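Bear in mind these aren't lab numbers, they're just calculated from the coordinates by the rules spelled out. Small disclaimer: the values here were computed from a predicted structure and weren't measured. When we count neighbours, we look across all protein chains shown, and the Cβ atoms used for this are built from the backbone with ideal geometry, even at glycine.
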Amino acid sequence: MTGRTGAASVLGLALALSACAGGDYRPVRDVPVRIGPPYVVRGVTYVPAADPGYDMLGYASWYGSESGNRTANGERFRPGWVTAAHTSLPLPSYVEVTALDSGRTIVVRVNDRGPFAGKGRVIDLSRGAAEQLGMRAQGQVAVRVRVVNPPEKVRERLRKGKAAGERPRVPERTLVKLRAQMKAAGL
């Protein structure tokens, strides 16, 4: 290769490799909302669906070593942002996550698929969301996850990777009931 032909070939190869590495990301926005077809991971079938009444008890874990990878809805994964992965909610969705040990509550933007391992895990949080919830050191905590419809101002903050803002803690009497429900469910 010499001259312009060589330079063009190298540039073309670089562009092709950057596309393979996920260099072509979808902009962070709320439309279009993607539900997607059923899919199978490790022998388990997941059926994405809109579920405005979604309210689930289980465990949250966190992930953060996939920096720069493409999320399931095509955005760039940024570990420090307040995002999450869920097996079936539309992408993106907004959920309220409550830590049942502390009563701390955050709003998270769901833009990826997972978790696919661990009994009772209902959501994987980004490192930024785990830090905000106060669970990063534990790795996994009991949570309540509910679909919410936050105001545009909150959505805009989350689309920019920022926390939604301070939220009131859940009262201890409510946490006691939720913990009892988890125990009764064998979680």
Amide proton proximity set for residue 75, modelled H, under 5 Å, gap of 5+: 26
Within the chain: Cβ-based charge dipole about Cα centre, in debye rounded to nearest 20 (Lys, Arg +1; Asp, Glu -1): 240 debye
Using alpha-carbon coordinates, inclination of helix 172-184 to the longest axis of the chain, degrees: 80 degrees
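Order these by the 10 Å Cβ neighbour count, fewest first: 61, 102, 88.
Details: 61 21, 102 14, 88 17.
Fewest-to-most ranking of 61, 102, 88: 102, 88, 61.
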Cα-based shape type of the range 32-125, given that a ≥ b ≥ c are square roots of the gyration tensor eigenvalues and the cut on a/c is 1.5: rounded
C-alpha long axis of helix 3-20 to longest principal axis of the chain, angle in °: 20 degrees
Vicinal HN-Hα couplings computed from phi for the range 74-85 (Karplus, 6.51 cos²θ - 1.76 cosθ + 1.60; Hz; Gly/Pro x): x, 7, 6, 6, 10, x, x, 7, 8, 10, 7, 10
Cβ-based exposure ranking for 98, 174, 45, in which fewest neighbours within 10 Å come first: 45, 174, 98
Spin-label model distance (nm) - residue 29 vs residue 41, 7 Å beyond Cα toward Cβ: 2.7 nm
Ranked list, fewest to most other Cβ atoms within 10 Å of each Cβ, for 172, 131: 172, 131
